[in-house]
Amino acid sequence: KSTDVDDSGYVSGSDDVRDSHYVCLSTFVDSSKHINKSHNITDSTDVYDTTYAVSSHSIFVSRNVVNCYDIRYGENLSDCFMCVDCTNSNHLFCCHGVDDGEYMIFNEKVNEKQWQMIVNQYLRFAPITRIMEKWDDFSAEAPPAIYNYSTHYLAAPDKFWTWLRTLPNYTPQVVYNITFRRGIL
């Protein structure tokens, strides 16, 4: 049930798919994998119900994200990491509910150099979420999304949580709003 598929595998119900794998119910997907119910996705992995994601990973129900990791319910974001419910922002890390923000960590402004240093450290761990169940049965159309958000971050190692607590502006409530994980914080 797919059309215009080139150099790809495990594609179901999708159109205009190039050099991609494990794509279901999606259109215009290029050089990506594990894409479900999404459109206009390029160089990205683990994307669910999203429109326009470029060089992004672990994106859930978002629109217009570029170079982002671990984003839920975001819109018009660039260079954002571990963010939920953020819009029209650039250079966010571990933010919740930010609109029109730039260079922020835990919803607080920081300078560009500090932000870049922390993101470089974060990228050693990234991506740390799983937004879809494992796709073990390749005959299946696609794995279901994980709607229990507290399980998104189960793949993050203990040393990630230890590192996170050492960051400037660390705010347990912001981390909880993103991860729903209180016990390890």
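Given the peptides 121-134, 23-36, 93-106, arrange them by the average over their residues of other C-beta atoms within 10 Å, most packed first.
With the highest mean Cβ count within 10 Å placed first, the list reads 23-36, 93-106, 121-134.
Of the beta bridges DSSP finds with both residues in the chain, what % are antiparallel, to the nearest 5? Could you put the intermediate results ahead of the total?
Details: 3 of 50 bridges.
That works out to approximately 5 percent antiparallel.
Quantify how much of the Cα-Cα distance distribution of the range 9-80 extends past 14 Å, in percent.
44 percent
Let's test this: bin the Cα-Cα distances of the chain at 5 Å from zero up to the farthest pair and state each bin's percent.
That works out to 2, 8, 18, 20, 19, 14, 9, 6, 3, 1, 0, in percent per bin.
Below 14 angstrom from the Cβ of residue 148, what's the summed charge of the other residues (Lys, Arg +1; Asp, Glu -1)?
Result for the neighbourhood of residue 148: +2.
Got the relative contact order for the range 27-185 handy, in percent, Cα pairs under 8 Å and 6 or more residues apart?
13 percent
Would you mind getting the accessible area per residue of the range 1-111, heavy atoms of the protein chains only, 1.4 Å probe, in Å²? Mind showing how you got there, number by number?
On the way: 4370 Å² over 111 residues.
Each residue of the range 1-111 exposes 39 Å² on average to a 1.4 Å probe.
With a point put 7 Å past each Cα toward its Cβ, work out how far residue 121 is from residue 18 in nm, to one decimal.
Modelled inter-label distance: 4.0 nm.
Cα centroid distance between the range 56-102 and the range 1-30, in Å?
25 Å
Compute the angle between helix 112-122 and the longest alpha-carbon principal axis of the chain, please, reported from 0 to 90 degrees and rounded to the nearest 10.
60 degrees
With Cβ to Cβ distances under 15 Å as the rule, what net charge do the other residues near residue 110 carry (K, R +1; D, E -1)?
-2
Any chance you could run the full-extension gain for residue 6 through residue 111? It's 0.36 nm times the residue separation minus the Cα-Cα distance, nm to one decimal. Intermediate results must be reported in sequence, preceding the final value.
Details: separation 105, 0.36 × 105 = 37.80 nm, distance 4.39 nm.
Stretched out fully, the residue 6 to residue 111 stretch lengthens by 33.4 nm.
The values are calculated or read from the model by the stated rules, or taken from the named source; none is laboratory data. Predicted model, so just to flag it, every value in this text is computed and none were measured. With ideal geometry, Cβ positions are generated from the backbone for all residues, glycine too; neighbour counts draw on all protein chains shown. Ligands, DNA and RNA are stripped out before the accessible areas are found, and what is left, the full protein with its side chains, is counted by its heavy atoms. Shrake-Rupley method; radii C 1.70, N 1.55, O 1.52, S 1.80 Å.
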